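Each reported figure results from applying straightforward, stated rules to the coordinates on display, with no laboratory input. Everything numeric here is computed off the predicted structure, so don't read it as measured data. Quick reminder, even Gly has a Cβ in these numbers, built from the backbone with ideal geometry, and neighbours come from all protein chains shown.
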Amino acid sequence: MKSYQKILPILGIILGLLGLLLALSFTTINACQLANVDALSIKKHTQTALKTSSLKMARYHAFKALNSMEKAKVNFSDCGCEPALKTAKDAEMHLKNATRSKSMDDSKSYLKLALQNTLVAIDALKRFEEEYASNYGDDILVMNTKEVLNEQGGILLTPAKQLQRTMEKGLAEFENSLDAVVNYVDCEDAFNFINKIVSKSNAQLERKTLTQAQHKYHLEVRTIALDALLRLEGCPQK
């Protein structure tokens with residue numbers, strides 16, 4: 001019973017690491033793509049505001065555009081597209097003025113300026129993505145370009161490289177956790193626990209729908225687990 005009490009916290013750490021690694025490794029989080037979605041939302045709400053004949057509804061949709069703008073500014077900044085961020089801020093100013101306008105004519109004047117700035121931001125983002133897209137295709141656009149530039153000394157890593165670094169870091173933590181199991185958990189319990197990880201990895205590797213990255217991930221997990229089992233050689237299995 002005591003050995004299982006010892007293994008539970010470590011088990012939680014391992015499961016947490018594996019779950020986090022899977023989430024980070026196989027979900028594409030691209031700030032530039034998110035910025036584009038936000039910009040299109042701003043465009044949509046601004047256009048809707050321009051089409052309405054009610055000042056109240058024009059203000060309503062202008063506020064909706066401003067809500068999207070809050071997210072867009074963060075994503076434009078994370079993306080690293082400064083021209084898009086600048087024009088987005090100009091659009092934000094015009095949208096705020098549109099919500100404060102006392103007449104429909106004034107509101108529409110500001111809305112037209114906001115729409116123009118939004119379209120410029122969308123175009124700037126498109127050119128930015130084209131500039132940094134590699135020969136591997138659009139999916140290889142760097143994730144969170146500005147952050148990457150700061151952290152990597154100005155060297156842009158493709159998502160493939162980002163994925164590799166994330167996997168390497170997570171697998172290293174997983175290996176450290178298995179070391180704790182080998183060193184501090186009852187030998188028999190440790191053997192059974194790690195052997196189950198190997199079995200699960202084998203089952204995953206038999207799936208035909210795995211991506212190349214997923215296949216590599218499960219292969220590495222199995223290799224680390226098998227190495228740990230070798231260190232426990234001689235332990236009886238329940």
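Between Gln204 and Ala172, full extension at 0.36 nm per residue minus the direct alpha carbon distance yields a gain of 9.5 nm.
With 32 Å as the limit, write out which pairs from Lys169/Lys196; Lys86/Lys108; Lys64/Lys216; Lys86/Lys216; Lys43/Lys169 have Cα-Cα distances beyond it, or answer none. If you can, show how the numbers build up before the last one.
On the way: Lys169/Lys196 23 Å; Lys86/Lys108 22 Å; Lys64/Lys216 44 Å; Lys86/Lys216 41 Å; Lys43/Lys169 40 Å.
Over 32 Å apart, Cα to Cα: Lys64/Lys216; Lys86/Lys216; Lys43/Lys169.
According to a simple spin-label model (label point 7 Å from Cα along Cα-to-Cβ), what is the distance in nm between Val37 and Met104? Rounded to a tenth, the inter-label distance reads 3.5 nm.
In what sequence, highest mean first, do 60-72, 218-230 appear when ranked by Cβ atoms within 10 angstrom?
For the peptides 60-72, 218-230, the packing ranking is 60-72, 218-230.
Packing order of peptides 51-59, 83-91, highest average first: 83-91, 51-59 (average count of other Cβ atoms within 10 Å over each peptide's residues).
With a Förster radius of 30 Å, plug the Cβ-Cβ distance of Ala180 and Val74 into 1/(1 + (r/R0)^6) and report the FRET value to the nearest 0.05. Intermediate results must be reported in sequence, preceding the final value.
Numbers: r = 38 Å, r/R0 = 1.26.
With R0 = 30 Å, the Cβ-Cβ based efficiency is 0.20.
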